[in-house]
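Visitor: Below you'll find the structure I mean.
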Amino acid sequence: MTAHGAPRALRPAALAVACLIAIQIAALWWMGRVWICECGTIKLWHGVVQSSENSQHIADWYTPSHILHGILFYGLLHLILPRAPIGVRLAIAMGMEVSWEIIENTDLIINRYRAGTISLDYFGDSILNSVSDSLMALLGFLLASRVPVWTSVLIIIVAEVGTAYAIRDNLTLNIIMLLHPFDAIRAWQAALQPSARGAGAHTMPLRRHARLMLPKIRSQHRAAPAPRARRERGGAARRGPRTERIRRRASPCL
């Protein structure tokens with residue numbers, strides 16, 4: 001196939017992917033999922049796992065697992081359908097990814113996540129995050145189709161080990177805890193303090209606290225009486241009413 005023929009062969013697959021993404025958006029909207037994070041902001045990266053903003057922005061610590069979805073789908077379909085065109089396998093892979101994104105946001109799976117995993121603050125993905133996850137799977141599929149097998153294996157190992165080290169969770173643990181939760185794994189995951197679950201988890205609250213406290217400190221500083229006035233009031237309080245009456249009788253001007 002020529003260089004010009006490859007993009008032409010992928011055009012039907014691109015149209016199929018666009019239709020699948022549209023179906024995904026419509027299904028999630030019908031299910032009541034929010035478009036973006038209810039905080040009202042859109043972040044490129046949100047690294048705090050134990051947070052109501054997790055799975056609400058464009059990327060987070062679970063984004064690598066969706067890239068692995070695409071890599072694994074490519075490998076599976078390469079084994080099952082080795083003679084199928086790449087565009088057909090791409091459409092099938094995205095169909096599986098979109099189907100999972102819709103199923104993942106049902107009440108059944110959400111409650112399962114909350115009951116069996118450490119995702120206590122998980123209430124479903126935003127539509128933005130879910131679509132981003134599907135596009136990450138698309139990226140993983142295309143990446144696996146272009147690089148050697150050993151590179152795909154290396155990406156899987158690095159992603160799994162890296163996320164396990166950072167947040168004590170990854171695609172493998174997620175599947176295990178979703179199918180059959182183990183108390184030992186849950187205890188190991190819960191041992192990691194929330195402030196350490198993701199980069200910036202312990203710094204953002206401090207910056208936010210500083211922004212909130214600074215106006216209060218300034219207002220208190222402006223409202224504080226001058227040192228001289230404080231001394232005068234303190235002197236009058238120490239003199240008392242008897243001393244004040246004596247002073248008034250002694251001074252003809254008062």
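The values are calculated or read from the model by the stated rules, or taken from the named source; none is laboratory data. Fair warning: this is a prediction, and the values are worked out from it, not measured in the lab. Every residue, glycine as well, gets a Cβ built from its backbone with ideal geometry; the counts of neighbours run over all protein chains shown.
Condition check ((1) loosely packed, with under 14 Cβ neighbours inside 10 Å; (2) of a type in the set (F, W, Y); (3) touching a Pro at 6+ places or on another chain (Cβ under 6 Å)) across all residues:
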{"residue": "L10", "(1), (2), (3)": "no, no, no"}
{"residue": "W35", "(1), (2), (3)": "yes, yes, no"}
{"residue": "L44", "(1), (2), (3)": "yes, no, no"}
{"residue": "G47", "(1), (2), (3)": "no, no, no"}
{"residue": "T63", "(1), (2), (3)": "no, no, no"}
{"residue": "L68", "(1), (2), (3)": "no, no, no"}
{"residue": "L77", "(1), (2), (3)": "no, no, no"}
{"residue": "V88", "(1), (2), (3)": "no, no, no"}
{"residue": "V98", "(1), (2), (3)": "no, no, no"}
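Visitor: Now for a separate question. Pairs under 8 Å by beta carbon, first residue within 16 Å of L72 (Cβ to Cβ) in the range 145-174, partner charged (D, E, K, R) and assigned to a helix (DSSP H, G or I), six or more apart or different chains?
Guide: N170/E160; L171/E160; T172/E160
Visitor: Check whether at least one residue in the range 100-123 is β-branched (V, I, T) and touching a Pro at 6+ places or on another chain (Cβ under 8 Å), and report yes or no.
Guide: The answer is yes; a qualifying residue exists.
Visitor: Here's another thing I want to ask about it. Out of I155, I167, I176, which single residue is within 22 Å of C37 (Cα to Cα) and not polar (S, T, N, Q)?
Guide: When all the criteria are applied, what remains is I167.
Visitor: While we're looking at this one, here's another question. Take the range 74-111 and flag every residue that is in a loop (DSSP other than H, G, I, E, B) and closer than 30 Å to G124 by Cβ.
Guide: The answer is N105, T106.
Visitor: Restricting attention to the range 112-130, report how many residues are at pLDDT below 80 and outside any helix (DSSP H, G or I). Break it down into steps so the answer makes sense when it comes.
Guide: First, the residues of the range 112-130 that are at pLDDT below 80: 116-121.
Still in the running and outside any helix (DSSP H, G or I): 117-121.
The qualifying residues number 5.
Visitor: Let me ask another. A137: on the phi < 0 side of the Ramachandran plot, part of a loop (DSSP other than H, G, I, E, B) and of a type in the set (A, V, I, L, M), yes or no?
Guide: Here the answer is no, as A137 does not meet what is asked.
Visitor: Continuing with this model, one more query. In the set D125, D133, D183, which member is among the charged types (D, E, K, R) and farther than 30 Å from C19 by Cα? Step through it out loud before you land on a result.
Guide: Numbers: D125 fails: farther than 30 Å from C19 by Cα; D133 fails: farther than 30 Å from C19 by Cα.
None of the others qualify; the one that does is D183.
Yes or no, residue by residue, for (1) assigned by TED's automatic domain parsing to the domain that holds A164; (2) touching a strand residue (DSSP E or B) at 6+ places or on another chain (Cβ under 8 Å); (3) within 23 Å of I109 (Cβ to Cβ); (4) not hydrophobic (A, V, I, L, M, F, W, C):
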position	(1), (2), (3), (4)
A18	yes, no, no, no
L28	yes, no, yes, no
H46	yes, yes, yes, yes
Q50	yes, no, yes, yes
E53	yes, no, yes, yes
H57	yes, yes, yes, yes
W61	yes, no, yes, no
L72	yes, no, yes, no
L76	yes, no, yes, no
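Visitor: Any chance you could count how many residues in the range 100-115 are farther than 21 Å from M136 by Cβ and crowded, with 16+ Cβ neighbours inside 10 Å?
Guide: 1
Visitor: Of everything in the range 157-174, what is in a helix (DSSP H, G or I) and touching a Gly at 6+ places or on another chain (Cβ under 9 Å)? Give them in sequence order.
Guide: Within the range 157-174, A166, I167 qualify.
Visitor: Need the failing condition index for H57 against (1) in contact with a Cys (Cβ under 7 Å, 6 or more places away or on another chain); (2) touching a residue at least 40 places away in the same chain (Cβ under 8 Å); (3) closer than 24 Å to A191 by Cβ, just the number.
Guide: (3)
Visitor: Let me ask something additional. Say whether the condition of being in a helix (DSSP H, G or I), under 17 Å from W61 (Cβ atoms) and within 17 Å of the chain's Cα centre (by Cα) is met by at least one residue in the range 148-156.
Guide: First, pick out the residues of the range 148-156 that are in a helix (DSSP H, G or I): 149-156.
Subsequent filtering for residues that are under 17 Å from W61 (Cβ atoms) retains 155-156.
Next cut, within 17 Å of the chain's Cα centre (by Cα) only: none.
No.
Visitor: Okay, next question. So which pairs qualify, if the first residue must be in the range 86-97 and over 10 Å from S134 (Cβ atoms), the second must be among the small types (G, A, S) and surrounded by 21 or more Cβ atoms within 10 Å (Cβ to Cβ), the Cβ gap must be under 7 Å, and the two must be at least 6 apart or on different chains?
Guide: A93/G70
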